[in-house]
Amino acid sequence: MDLTVTDLSIARGGIPVLGHVSLTLRSGCALVLRGPNGIGKTTLLRTIAGLQPPLSGTIGLPSEDVAYAGHADGIKSTLSVTENLRFWARIFGTGDIAPALAAMDLAALAERPAHSLSAGQKRRLGLARLLVTGRRFWLLDEPTVSLDAASVALFARAVRTHLSNGGATLMATHIDLGIAEAEVLDLTPFRAAPSAAAPGGFDEAFA
Amino acid sequence: MVELGKYAGTVLAAYGITILLVLGLVAISLRRGARVKRALEAQERRMAKNG
Amino acid sequence: MTALLLRDLTLALRAGGGFGLSLAFFLIVTVLVPFGVGPEGGVLGRIAPGILWVGALLACLLSLDRIFALDYEDGTLDLMATAPIPLETVTATKALAHWLTTGLPLTLAAPALGVLLNLPTAGFSWLTLSLAVGTPALSMIGAFGAALTVGLKRGGLLLSLLVLPLYIPTLIFGADCVRRGVEGLPTTTPLLMLLGITLGSVAILPFAAAAAIRVNLR
Amino acid sequence: MSIWEYANPKKFMQTSAWALPWVTGLAVLTLITGLVWGFFFTPDDFRMGSTVKIIYIHVPAAIMATGTWFMMLAASLIWLIRRHHVSVLAAKAAAPVGTTMTLIGLFTGAIWGQPMWGTWWAWDPRLTAFLILFLFYLGYMALWEAIEDPDTAADLTSVLCLVGSVFAIISRYAVLFWNQGLHQGSSLSMDAEEHVSDVYAWPLWVAIVGFGLLFVSLVLIRTRTEIRSRRLRALEARERMA
């Protein structure tokens, strides 16, 4: 099963930002979204994750097979790293968190409360959460923010492992992760054209 | 003129408050209506000229 | 669901805030009343049912905005919305967690405060019973209000304005149940109404709250 | 032709522009007729004296106060089910009108109560119910004001209106129950309108129709304003983007 997006148009705050986007994400593939700030990368990812409805178009994806990671990691600062991760593992009904801790090099920090982690360490915890979801399609919004070079390499390795296990990732990022098989999709051509000025009529105010 | 008797104050107060409230609502509605209409027309003119 | 409930309870215990704060607030409100109305036992005993119910209601209100706001800010709600648990279950569970950390302690503490207000002996069992039956409705209604205002920067005051009118029936039946208990009148009707409101809220409001959260997330 | 065509904003603007002068004219005419008839040409009641004249505003205002909420409930439902923007904007436009009507009902009730019951305010079930209704209106309008995005606001206020309606009805019965517990018997009842004689009934009916038309006229005006303001917002957003 692939993730297919057909002729998708999306809006941010009621204003159309992207129009007629089509893409296919096959198992074992990585697709990187590029485009200037404000083009709608986050909105596109949120729409595919099902957090907001599209203006038009269809999203075909295997139900309950998507994991989304946005700007915020959903980490509770009073809980320890293990507790944070184990919570998500239980929510997603998967068991073991040890591999995720190991993959993101968090084992040494396992019992530290999350508020004592640095920004990069928190980010790594957020990415470790993806590993415990057990889901195939990862939707990642700027996953490498506040990660140092070593951590980026760590993350790239996790993504590659995920791809080789039949997973797939769709991510918005500016950093070259060194994943050879990654395709790049530039969103600039899909920018929604501002329709002609004031073509009368009140309908379009509600489009 | 109608004879209101000892309750004149009461009746007149009730009518007075009602008229005040209704007129206030009408005035607010019309004022905001006119303001939004003017703003919209100005915006449409500007965009027709520039666009 | 158990995982979510346990996490919420752990968070409430670790942060300390909501849990103890509501109880302390309840205590202070109850202590302030005699200073306002005078120390005469008869007067206090007569208004005690109402004061205790209003106090419990306000104490409950105090911690409502924490139900979803923290999870919204740190992105947990986004992730929860894409998790396999339906949002309806999430809202119901979080309301339950709120009740366990607020409504239940208030219910247990109320008799002690009843002593301070000279509540007649006959009223104690009814006070505990009516609070036990009624406070779940307060938590559920409050969760709905919190879901409506979760995306707002300063939603706290608005939340009170939205939720308090919805609390009126619960307050009326709850306080009336205690009053009737004190006067030795039959309490079946208000108690059943209270139970009805609680069951109805728990049955319907998780859906309304989940719908509101979906709207707020997009 | 389907009634849903009027839910199209453009169609609504055209139709309402045509209808507005008629509705408004008729509203003014019936209101003046009803109130002048009632105020100048009806006899005083033997028990209530000239205060009986207050029913020509109190009763229509009370009817409109509850009627407006039901209209908002219907409009909110239409929005949630069929996603017609005009519908939810009409609900938004109606809320201040309903609030004003509720206030009129409360004020005239209190003014009436002073000589009749010897007090400005009594926790009479009906008065209390209107006070609660007033709080619901305030909450509804406050939620509209607080939310930036218009569609989000429309959805959330509609859900609130739905849930609020259920709780408003429960409150109505709760208040009846609560007050009986205090007063036994209802010497303070405001049931006068339920046995008014014909002398009062006719101008009262005219006044009710007048208030109804006034409501329609105000809601039309305000809905037109809301639609214009939405269009203005959309144009400004487009200008920023271009």
Discussion item. Just checking the output field for A:6-13: average partner chain Cβ neighbours within 10 Å of each residue's Cβ?
Written reply: 1
Worksheet, complete the sentence: Of all DSSP beta bridges with both partners in the protein assembly as shown, the antiparallel percent, nearest 5, is 45 percent
Item to complete: Would you work out which of A:158, A:134, A:146 lies farthest towards the positive end of the dipole of the stretch A:133-178? Charges go on Cβ: Lys and Arg +1, Asp and Glu -1.
Response: A:134
Worksheet item: Nearest 20 debye, what's the magnitude of the dipole of chain B about its Cα centre given +1 on Lys and Arg Cβ and -1 on Asp and Glu Cβ?
Response: 480 debye
Discussion item. Per-residue Cβ counts within 10 Å, from other chains only, averaged over D:77-89: what number is that?
Written reply: 1
Response to the item:
For the pair residue C:192 and residue D:32, the simple spin-label estimate (label points 7 Å beyond Cα toward Cβ) gives in nm 5.6 nm
Worksheet, complete the sentence: Restricting to Cα pairs under 8 Å and 6 or more apart, the percent relative contact order of the stretch C:2-217 works out to 27 percent
Worksheet entry | For residue A:138, residues with placed amide H under 5 Å, excluding near neighbours | A:67, A:168, A:169, A:170
Practice prompt. Within 10 Å of each residue's Cβ, count the other Cβ atoms and sort C:177, A:29, C:60 from fewest upward.
Written response: A:29, C:60, C:177
Worksheet entry | For residues of D:167-178, the mean tally of beta carbons on other chains within 10 Å | 6
Fill in: For C:168, D:55, D:169, order by how many other beta-carbon atoms lie within 10 Å, fewest first
D:169, C:168, D:55
Response to the item:
Among C:153/D:10; D:11/D:92; C:94/C:153; C:153/D:11; A:41/C:153, the pairs whose Cα-Cα distance exceeds 31 Å are C:153/D:10; C:153/D:11
Worksheet item: Tell me, what is the percent relative contact order of the stretch D:20-241, built from C-alpha pairs under 8 Å that lie six or more residues apart?
Response: 37 percent
Practice prompt. Just round it to a whole percent: the fraction of Cα-Cα distances in the protein assembly as shown exceeding 50 Å.
Written response: 27 percent
Practice prompt. Could you size up the charge dipole of chain D around its Cα centre, putting +1 on the beta carbon of Lys and Arg and -1 on that of Asp and Glu, and report it in debye to the nearest 20?
Written response: 820 debye
Fill in: Listed residue (D:101, D:241, D:21) projecting farthest to the positive dipole end of chain D, Cβ model
D:241
Worksheet item: Of the peptides D:10-20, C:112-122, how do they stack up when ordered by the mean number of other Cβ atoms within 10 Å, highest first?
Response: C:112-122, D:10-20
Worksheet item: Which value in nm describes the separation of the simple spin-label points at residue A:58 and residue D:18, placed 7 Å from the Cα toward the beta carbon?
Response: 4.0 nm
Worksheet, complete the sentence: With Rh as the Kirkwood radius over Cα pairs, chain A has Rg/Rh of 1.02
Practice prompt. Treating only the Cβ atoms of Lys and Arg (+1) and Asp and Glu (-1) as charged, compute the dipole magnitude of the protein assembly as shown about its Cα centre; round to the nearest 20 debye.
Written response: 1180 debye
Worksheet, complete the sentence: When D:171, A:164 are arranged by how many other beta-carbons sit within 10 Å of their Cβ, fewest first, they go A:164, D:171
Worksheet item: What FRET efficiency would be calculated for the residue pair residue D:236, residue C:5, taking the C-beta separation as r and a Förster radius of 45 Å, to the nearest 0.05?
Response: 0.45
Practice prompt. Please give the FRET efficiency for residue C:115 paired with residue A:148, using the beta carbon to beta carbon distance and R0 = 60 Å, rounded to the nearest 0.05.
Written response: 0.50
Worksheet entry | Top positive-direction residue, dipole computed over the stretch D:20-241 with Cβ charges, set D:55, D:141, D:112 | D:141
Item to complete: Please list, in chain and number order, the residues 5+ apart from residue A:18 or on another chain whose amide H is under 5 Å from its amide H, with Hs placed from the backbone.
Response: A:10, A:192
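FYI, it's all coordinate maths here, none of it is from the lab. Bear in mind the structure is a predicted one, so any value in this text is a computation, not a measurement. With ideal geometry, Cβ positions are generated from the backbone for all residues, glycine too; neighbour counts draw on all protein chains shown.
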